[in-house]
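Have a look at the structure below, then the notes.
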Amino acid sequence: TSISMLPTIIVGKTRMGKSKLLHHLIHYDVEHRHSVVVIDPHFDLIRDVLQCSVPLERKSEVVFLNLADAMYPPPFNPLRMVGKGTGVGRFASILNSLYPELRELAQTSDALEIALMTVQADPEATLLDVERLFIHPSYRQRLLSSISDPVLVNFWRDYESSAASQKPIRDPILKRIRSFYRNENMRAILCHPDAIDFGTLIQEGKIILISLHVDANVISEQDQELVGALLISQLKAVAEAGEFSETACYCYVDELERFVTTSIDRVFSGASKRNLYLTTANQYLGQLTGSTLDAAMGNTGTIIAFKLGHDDVRVISPYMKPGFSSDDLLHLDAYNAAVWTGQEGKTQSAFSLKTAAPIKAPEDAAYREHEIVSESQTHMKTRQQVLDWLAARYTEQAEASDDDETMFYDRGSEGSAQ
């Protein structure tokens, strides 16, 4: 527990024991009724937790969000994220990170953030409404009638005053925004009527398991990266807002390199002050770049190094001396690691670690997994409910419009990707 107080980094080549160690740490936290968040790009780690670490009598404590679940899409509506103003800024920052062309023109970047702030006036807004805001004056005026912020009002007044300038502003934004809901699978996730409330779930001590594993033909890798960025951003936000100030949350992120475009660097630099205790794993430090690597190495409280490559040895060996030489770190056996910890300002000499045997799956492992997943799904909207809500919302608003708004949602596509 004391080692978890500052971020922990687990690094080492594949099949050396990183995932097994993560499972043991998560198993301990579940057993001791800590609130846990696991973000897993492959599902293997989460499957182990579902089958081996959660007793059936605690199945109601699990929130399982699975990007590959076509029947129960995870509720990741970015416009419902905690803290309207700051949430909008975080989402705009994520888009700018994923799509550098959006920030190349200051006017486009500003317009994106203004648009996201404006649609917050609609309590049921989704990303579909960003397009409506730019294209349809009636919807725009409907929102502006309830907005007093002069920055927003003046922007849209200037936008409407020159038809010639509208296209260069809106087209780069709509090109990217549309890519998220053109794919019906992503539409059901990002335009969901709900959003996960991390703060409440963590306060309640829930076990939150998030699998980002999905076929790239169903949801592209870049869209998967967007979802991962949203999750990291929201976790950081609820921690900073003090939404679980009386409850410690132990967060595990496998394959850290998948999140280098997120705010994970800022999670490293301050999350433990907010009761968010982070443990990450990845194969090579070279997979991390810029601020993520700097924040990881500058703020970590514990480094657990399995067998390393030459480049990583150069970074890690100063922490492990004199107990471990560079040659030692290059030739560690599988399931053996060198550990350095500097918690509470006290640096200890590096020591060795041998992971325990894998947690044995019970005879009813598959049944456990099924029961826990089924219980979690009972608290979620089905895909059809989400699609019906979208169809009803945008049909009604198009019919109510006085400028013949284009229907953004095609009823005919509802059953095309079950």
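Of all the numbered requirements in (1) part of a strand (DSSP E or B); (2) without any contact (Cβ under 8 Å) to a residue 60 or more places away in the chain, residue 37 misses one, and that requirement is (2). Selection of the range 233-252 for residues being out of contact with any strand residue (DSSP E or B) (no Cβ under 9 Å at 6 or more places or on another chain) and outside any helix (DSSP H, G or I) yields 241, 242, 243, 245, 246. Put simply, of 182, 132 the only residue that is charged (D, E, K, R) and in contact with a helix residue (DSSP H, G or I) (Cβ under 7 Å, 6 or more places away or on another chain) is 132. Annotation note: of 155, 180, the sole residue that is within 24 Å of the chain's Cα centre (by Cα) and surrounded by 17 or more Cβ atoms within 10 Å (Cβ to Cβ) is 180.
Taking the range 292-357 as the region of interest, the strands (runs of 3 or more DSSP E) fully inside it that hold 1 or more residues being among the aromatic types (Phe, Trp, Tyr), touching a helix residue (DSSP H, G or I) at 6+ places or on another chain (Cβ under 9 Å) and modelled with pLDDT of 90 or more are 336-341. Looking across 108, 126, one residue alone is surrounded by 16 or more Cβ atoms within 10 Å (Cβ to Cβ), touching a His at 6+ places or on another chain (Cβ under 8 Å) and not assigned by TED's automatic domain parsing to the domain that holds residue 222. It is 126. Annotation: of all residues in the range 235-246 being out of contact with any Lys or Arg (no Cβ under 7 Å at 6 or more places or on another chain) and within 28 Å of residue 44 (Cβ to Cβ), the one that is modelled with the lowest pLDDT is 244.
Just one of the listed residues (97, 161, 165) is under 29 Å from the mean Cα position of the chain (by Cα) and surrounded by fewer than 18 Cβ atoms within 10 Å (Cβ to Cβ), and it is 97.
Here is a yes/no grid of residues against (1) in the same structural domain as residue 249 (by TED's automatic domain parsing); (2) not in a loop (DSSP other than H, G, I, E, B):
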position: 147; (1), (2): no, no
position: 155; (1), (2): no, yes
position: 171; (1), (2): no, yes
position: 202; (1), (2): yes, yes
position: 213; (1), (2): yes, no
position: 226; (1), (2): yes, yes
position: 231; (1), (2): yes, yes
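For the range 67-98, residues that are part of a loop (DSSP other than H, G, I, E, B), at pLDDT 80 or above and not small (Gly, Ala, Ser) total 8.
The values are calculated or read from the model by the stated rules, or taken from the named source; none is laboratory data. Everything numeric here is computed off the predicted structure, so don't read it as measured data. For neighbour counting, all protein chains shown are included, and Cβ atoms are generated from backbone atoms with ideal geometry for every residue, glycine included.
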